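Only one structure is covered here, and it is reproduced in the block below.
The values are calculated or read from the model by the stated rules, or taken from the named source; none is laboratory data. Just so we're clear, the structure is a prediction, and the values are computed from it rather than from any experiment. Cβ placement follows ideal geometry from the backbone for every residue including glycine, while neighbour counts extend to all protein chains displayed. These accessible areas exclude ligands, DNA and RNA; they are computed on the full protein's heavy atoms, side chains included. Shrake-Rupley method; radii C 1.70, N 1.55, O 1.52, S 1.80 Å.
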Amino acid sequence: MKQIANVMYIKENCHEEYKKRHDNIWPEMKQMLKEHGVSNYHIYLNEENGELFAILNVEDQSVYDEVSNQEICREWWDYMSDIMYVNSDNSPKSKLLKEVFFLQ
């Protein structure tokens, strides 16, 4: 099991809408993530600057890397693009984070 952490960015005044959309995440999106080995997926919001901190577990990095090639994922990106900062393909602008400490 591998853990991945990254940051993404949400537009100002879109915090409630972001939460609402994730409270109602499409069943097909959830299923696709699970089929690609994703578990324990958490997203946290820094309300002061709109930064989103995401952390998730993946069973196999190469399988997880295929998520962005799935049609449902691209549809989700399009759906979220009006409230997030995105790249030209509507994928969220994000930065991978390096683990520097772990306490078990």
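For segment 13-104, the list of GluC sites (Glu not before Pro) that fall in a loop by DSSP and count at most 11 other C-beta atoms within 10 angstrom reads Glu47, Glu48, Glu99. Magnitude of the charge dipole for segment 47-104, about its Cα centre and with charges confined to Cβ atoms of Lys, Arg (+1) and Asp, Glu (-1), is about 220 debye. Considering the options Leu33, His15, Phe101, tell which one lies farthest towards the positive end of the dipole of the chain, charges being +1 on Lys and Arg and -1 on Asp and Glu at the Cβ, about the Cα centre. Checked the options; the winner is Phe101. Helical runs (DSSP H, four residues minimum) scored at -39500 (n - 2.57) apiece and divided by the length of the chain put the mean residue ellipticity at 222 nm at -8000 deg cm²/dmol.
Excluding same-chain neighbours fewer than eight residues apart, the aspartates and glutamates reachable from Lys93 by a Cα-Cα span under 14 Å are Glu51, Asp78, Asp82. Measuring nothing but protein heavy atoms, the accessible surface of the chain at 1.4 Å probe radius is 47 percent carbon and sulfur. Computing FRET efficiency as 1/(1 + (r/R0)^6) for Ser91 and Met1, where r is the C-beta to C-beta distance and R0 is 25 Å, gives about 0.55. Which residues make up the longest stretch of the chain clear of chymotrypsin sites (Phe, Trp or Tyr not before Pro) that lie in a DSSP loop with no more than 15 other Cβ atoms within 10 Å, not counting the sites? Value returned for the longest uninterrupted segment is 1-84.
Within the same chain, lysines fewer than 8 places from Lys98 are excluded, and of the rest, those with a Cα less than 25 Å from its Cα are Lys2, Lys11, Lys34. Could you state the number of Å between the C-alpha centres of segment 74-104 and segment 1-19? Taking the Cα centre of segment 74-104 as reference, the centre of segment 1-19 is 7 Å away.
For segment 34-104, trypsin sites (Lys or Arg not before Pro) are listed when DSSP marks them as loop and at most 16 other Cβ atoms sit within 10 Å of their Cβ; the list is Lys93, Lys98. Computed over protein heavy atoms with a 1.4 Å probe, the accessible surface of the chain works out to 71 Å² per residue. Here the dipole of the chain is about 220 debye; that uses its Cα centre as origin and unit charges on the Cβ of Lys and Arg (positive) and Asp and Glu (negative).
Based on the alpha-carbon gyration tensor of segment 1-97 and its eigenvalue square roots a ≥ b ≥ c, which shape applies: rounded if a/c is under 1.5, prolate if not and a/b is larger than b/c, or oblate? Taking the square roots of the gyration eigenvalues as a ≥ b ≥ c, segment 1-97 is prolate.
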